[in-house]
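The values are calculated or read from the model by the stated rules, or taken from the named source; none is laboratory data. Since the structure is predicted, the reported quantities are computational estimates derived from the model, not experimental observations. Note that we place each Cβ from the backbone using ideal geometry, even for glycine, and neighbour counts take in every protein chain shown.
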Amino acid sequence: MKTPTPEHLADALAQRLVDGTLPADEALLAEAHVASCAACAAEVESFRMLSAALDDLDVPELPADFTEGVLARIDVQERALARERRHAVAILAVFVVATAAAFAAAGARAWAPVVSSTAAAFGSLARVVHVGSAFVPDVVSALRFQIILAAAVLALPLLLGLVRLIPAPHRTEIA
C-alpha cells in the first residue's frame, strides 16, 4: 500500500476518485488525503458537482443514419488516400521510365563518364575512410579527456537552457 504524502492530488487523480476508477488502496489514500486537505476536498467537490451537472444534461438523439454517415466519410477519405498513393507510384514510375529512356537515348558516351566519375568519388571516399580508420582511434584515445571536457563545456549551457524551458508541475499525484 502506498504511503500518503503532504502533496495535493493531481487533477487526473481527483477526477478518477470522483469517477470511482481508482484501485481500492489508492482510493483509500486519496480519500484520507481529501479528508485532511481543504484545497483537495474543494477540488474533488467541484469535480463531483461538474459530474452531477453533466449527468443532468439531456443527451441529444442521434440521427438514424449517423453511423453509416461516419463510415461513409471514413470510406471516402480512405479512397482518396489510396488514389493519392496510386498517383504517387505512377509519377515515380513515369520518372524512372523517363530517366531510363533519357539514358538510353543519350547513349553510353553521354552518361558513362558521369557514372565513372561518381564511382571514382565513392572510391576516394572509401580510401579516406580506410586511412582515417587507421589513426582516428589512436587520436581519440589520446585525446579522450580533452574531448570529454570540450563536450561537457559545450553541452552544459545547452542543457541549462533546456531545463529552463521545462514548465514546473503545478500539482503532483500521491505516490
Q.
Condition check: in a helix (DSSP H, G or I) and surrounded by 10 or more Cβ atoms within 10 Å (Cβ to Cβ). Does V153 satisfy that?
A. no
Q. Got a sec? Which of R79, R109, R48, R86 is surrounded by 11 or more Cβ atoms within 10 Å (Cβ to Cβ) and basic (K, R)?
A. R48
Q) Quick one: what pairs do we get from the range 114-141, first residue assigned by TED's automatic domain parsing to the domain that holds F103, second surrounded by 10 or more Cβ atoms within 10 Å (Cβ to Cβ) and among the acidic types (D, E), C-beta under 6 Å, 6+ apart or different chains? A) none
Q | From T118, T67, residue being polar (S, T, N, Q), within 37 Å of the chain's Cα centre (by Cα) and surrounded by 10 or more Cβ atoms within 10 Å (Cβ to Cβ) | A | T67
